[in-house]
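Take a look at the structure below.
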Amino acid sequence: MTSEDAARGRERTRGDGSADAEAGTKADAEVGARPDAEVEAKADAEVVSRFVEQFASQLVEAGMPRMPSRVFAALLASDSGALTAAELGDRLRVSPAAVSGAVRYLTQQHMVSREREPGTRRDLFRVHSNQWYEALGSRDAVLKRWENALREGVAGLGADTPAGRRLAETLAFFEFIEVELAEMMDRWRAHRKALFDHG
């Protein structure tokens, strides 16, 4: 082999190596530019988890039990607004028994509804866009029961007694709230339609 042939060989080797290096650099750049779905999914899950715990804490401070608060917040933060008990358990890292007790409380409060997942025997728990309306609307029956009990109390104790007057004032307050709540719900329906019903 002549020195000239050797030089050509070195050039070919160097050229191939450079091309490989250039291709590798280009590939690295492409990989770097491509979003990492796994990392993004993890970040999204962390954002959702943080919201769930923060919002649940606010609900707990307002008087709702902790586990129903977490379940409700998890449903609220899910894209579909509906999750199975197993999915809720996985997301919140709690037992099936804890989820069962929480959804029972939430369904009784009209904050979530129970459905059957299509094609399966599993229950699906759904939070609706009007869940606050449903929850507040269910208070109407509660107010009526309180009012009836207060009326009986006023009649039994006597409207002219100090206790009877106190009960009468409480009754008047609940009657006022009942009327105001009904009117407020009517205004909310009109407001919601203007904001979210577009065609």
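The values are calculated or read from the model by the stated rules, or taken from the named source; none is laboratory data. What you see is a predicted model, and the numbers here were worked out from it, not measured in a lab. Heads up, the Cβs are rebuilt from the backbone with ideal geometry, glycines too, and the neighbour counts pull from every protein chain shown. Surface accessibility is based on the protein's heavy atoms, side chains included, excluding ligands, DNA and RNA. Shrake-Rupley method; radii C 1.70, N 1.55, O 1.52, S 1.80 Å.
Tabulated data for the structure shown
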{"quantity": "Output for the range 166-199, where each listed residue is in a helix (DSSP H, G or I), more than 18 Å from residue 134 (Cβ to Cβ) and open to solvent by 100 Å² or more (accessible area, probe 1.4 Å)", "calculated": "166, 169, 173, 176"}
{"quantity": "Residues satisfying the stated conditions in the range 115-131, i.e. within 18 Å of residue 77 (Cα to Cα), at pLDDT 75 or above and out of contact with any helix residue (DSSP H, G or I) (no Cβ under 6 Å at 6 or more places or on another chain)", "calculated": "124, 126, 128"}
{"quantity": "Search result, residues across the range 81-90 that are without any contact (Cβ under 8 Å) to a residue 24 or more places away in the chain and either open to solvent by 30 Å² or more (accessible area, probe 1.4 Å) or over 21 Å from residue 118 (Cβ atoms) (or both)", "calculated": "87, 90"}
{"quantity": "Residue tally, condition open to solvent by less than 60 Å² (accessible area, probe 1.4 Å) and either outside any helix (DSSP H, G or I) or of a type in the set (Asp, Glu) (or both), over the range 140-155", "calculated": "2"}
{"quantity": "Residue in the range 112-129 that is least open to solvent (accessible area, probe 1.4 Å), counting only those that are under 13 Å from the mean Cα position of the chain (by Cα) and either more than 14 Å from residue 83 (Cα to Cα) or basic (Lys, Arg) (or both)", "calculated": "126"}
